[in-house]
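Here's the structure we're looking at; comments come further down.
The values are calculated or read from the model by the stated rules, or taken from the named source; none is laboratory data. Quick caveat: nothing in here was measured; it's all calculated off a predicted structure. With ideal geometry, Cβ positions are generated from the backbone for all residues, glycine too; neighbour counts draw on all protein chains shown. Side chains are part of the model used for accessible areas, which takes the heavy atoms of the whole protein and leaves out ligands, DNA and RNA. Shrake-Rupley method; radii C 1.70, N 1.55, O 1.52, S 1.80 Å.
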Amino acid sequence: MLRRFLILLGLLLVPALAHARGIEPELVAEGPAPAGGEVELAIHMRPAPGWHGYWLNPGDAGLPMDVHWNLPKGFAAGPLRYPVPTRLEITNLMNYVYEQDYAVLVRLQVPANASGTIPIRAEAHWLACTDKICVPEQGELSLDLPVGRGTPDRAQFDAWRQKLPQPLASIGHFESSGNKLRVAIPLPASVKVDKPYLFPMVDGPVDYDAKQDFRRSGDLLIAELARKGPLPTNFPAVIALGDGRGLELEAIPGPVPQGTPIGGLGWSAVLWAVLGAIAGGILLNLMPCVFPILALKALHISRAGGEAAHARSDALAYTAGTIVGTGALGAILLAIRAAGSEVGWAFQLQDPRTIMLLLLLAVVITAN
């Protein structure tokens, strides 16, 4: 929360940002309001190119929209219903946003004695951002709504409704497992899932920027999330299925099965990876940096015809030395990075002492 506050404070204090709105809102109705019934309203948000708005849980940074209704007596507005968001990562902060036109839907309850034309007013506040700046924006949403029967704008509102997450009738379960929050989502095995992602509706329990893993267990989809805060009493979320569709779920504490991983690339990908590794190994033997190793290989060939046990132990020792040496170099790299230094693979070749050591090693191998 402190990091989010500092980021927002810095972004909101950027000067000279109020020349034009980053997001232009419009309040529209599906049709006339039936007395004693309901009518669907939409807050149609149109971000300018390069700008984005935020979901009800904005993620690591941002703010959701805040709407205060000013309605005639007897009228009541329901909760804001957001479409399935998308992800936007900026400087290692994961944001849940909308970068294109979107509509937040609201059901308006109309009293039975309503008649004439009703003024619908609301004061809205929202945050409009680019990847560099954020601007707090506000404005009055107004609509003069006739009461009666008429032809609704079904096509537009049906398109907006299709982008809303559909509620799941079954309750899910979640549990803590080490540093993971595991969530079991009731989803029939026949439902195709392509690159799923779980959007938590409440802030705090999980690390938004961490990788999410998914498993299958019969008619359950298992999401494994990195924990960040204490366990909640309930866990509402939206599961995006990867094709624009989404499902809204409610999870309560309970057992979560292990399941089997999904999202793998299959055996064909493994085969291509192995073939690629072999081709890369062949190419590496033509590189000057491998010439000293060729001497070792020639030495091994010259010893051909010896005892099988000696050859086997020699090969195992050579393999173990390669694995241990490379692993140690990787451990050193990770330790230096953990200490705060920006280093990459082969960073040691920037040290003249390392170059001298390798030069002497190459000379010794050649002399041998």
| Considering only segment 216-273, how many residues are closer than 19 Å to TRP55 by Cα and hydrophobic (A, V, I, L, M, F, W, C)? | 8
| Among strands (runs of 3 or more DSSP E) lying entirely in segment 20-72, which contain 2 or more residues that are without any contact (Cβ under 8 Å) to a residue 24 or more places away in the chain? | none
| query | Tell me, which residue of segment 141-159 that is under 19 Å from LEU105 (Cβ atoms) and acidic (Asp, Glu) is modelled with the lowest pLDDT? | reply | ASP153
| Among (1) of a type outside the set (A, V, I, L, M); (2) more than 18 Å from the chain's Cα centre (by Cα); (3) not in a helix (DSSP H, G or I), the one test that ASP203 misses | (2)
| LEU231 being among the hydrophobic types (A, V, I, L, M, F, W, C), touching a Ser or Thr at 6+ places or on another chain (Cβ under 8 Å) and in a loop (DSSP other than H, G, I, E, B) | yes
| Criterion (among the acidic types (Asp, Glu) and exposed (fewer than 15 other Cβ atoms within 10 Å of the Cβ)) met by exactly one of ASP194, ASP207, ASP203, ASP213 | ASP194
| said: Whether any residue in segment 151-164 is touching a strand residue (DSSP E or B) at 6+ places or on another chain (Cβ under 7 Å) and open to solvent by 70 Å² or more (accessible area, probe 1.4 Å) is what I want to check. | reply: no
| request: State the number of residues belonging to segment 116-138 that are surrounded by fewer than 15 Cβ atoms within 10 Å (Cβ to Cβ) and over 30 Å from the mean Cα position of the chain (by Cα). | output: 4
| field | Residues (more than 20 Å from LEU296 (Cβ to Cβ) and over 45 Å from the mean Cα position of the chain (by Cα)) located in segment 346-368 | value | MET356
| query | Out of segment 287-309, which residues are surrounded by fewer than 11 Cβ atoms within 10 Å (Cβ to Cβ) and either among the aliphatic types (A, V, I, L, M) or at pLDDT 80 or above (or both)? | reply | MET287, ALA298, ILE301, ALA304, ALA308, ALA309
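Residue by residue, here is whether (1) small (Gly, Ala, Ser); (2) surrounded by 15 or more Cβ atoms within 10 Å (Cβ to Cβ); (3) more than 20 Å from ARG21 (Cα to Cα) holds:
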position	(1), (2), (3)
ILE43	no, yes, no
HIS52	no, yes, no
PRO64	no, yes, no
LEU108	no, yes, yes
ALA114	yes, yes, yes
| Before we move on, is LYS180 over 30 Å from GLU30 (Cβ atoms) and among the basic types (Lys, Arg)? | yes
| request: Within segment 234-250, identify whether any single residue is among the β-branched types (Val, Ile, Thr) and open to solvent by 40 Å² or more (accessible area, probe 1.4 Å), and answer yes or no. | output: no
